[in-house]
Amino acid sequence: MPKLPDMLTIGEVVQRSGVPHTALRFYEERGLVASERTTGNQRRYPRAVLRRLAFIRTAQRVGLSLEEIRDALATLPDQRTPTKADWARLSQLWRAELDARIDALHRLRERLTGCIGCGCLSLKTCTLINLDDRLARFGPGAPLLKPVAEGGLPT
């Protein structure tokens with residue numbers, strides 16, 4: 001396979017990264033990636049954008065928002081491509097958030113199974129989980145699924 005040039009067209013980036021051109025432009029508008037313009041006003045991306053896109057897609061897969069990803073990438077100097085050390089440092093920052101999400105999903109799975117087991121599918125009228133709407137005092141939403149620090153109930 002021939003060596004990639006230092007600067008890539010949008011088509012080459014799309015082909016190599018699997019990221020649709022619409023997403024690539026969206027990421028650029030949001031400051032996640034950067035391109036240069038040719039004299040003919042065509043976008044050219046540095047080859048390192050491929051690793052940056054892989055970083056973005058991986059962070060999205062673990063549930064991070066584009067805002068969280070952009071903030072993390074902003075800690076890197078001069079739009080530099082994240083390194084393995086960068087990923088290790090940033091993933092440590094996200095660990096508590098990811099642990100909270102995992103905990104919420106586990107609690108959802110356990111409670112969802114219990115609710116479907118009774119067949120009513122209504123927490124508002126369920127006499128097993130929410131007799132007399134006693135959970136209303138914990139506020140709107142699904143208090144059983146909120147982390148305790150956010151006002152949920154201890155599990």
- Assign one of three labels to the range 1-82, namely rounded, prolate or oblate, based on the Cα gyration tensor with a ≥ b ≥ c the square roots of its eigenvalues; rounded applies when a/c is under 1.5, prolate when it is not and a/b is larger than b/c, and oblate otherwise. prolate
- Item | Local electrostatic count at GLY11 - Lys and Arg +1, Asp and Glu -1, tallied over other residues with Cβ under 12 Å | +2
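A short reminder: the numbers here are calculations on the coordinates, not readings from a lab. Remember, it's a predicted structure, so these values are computed and weren't measured experimentally. Note: ideal-geometry Cβ built from the backbone for every residue, glycine included; neighbour counts use all protein chains shown.
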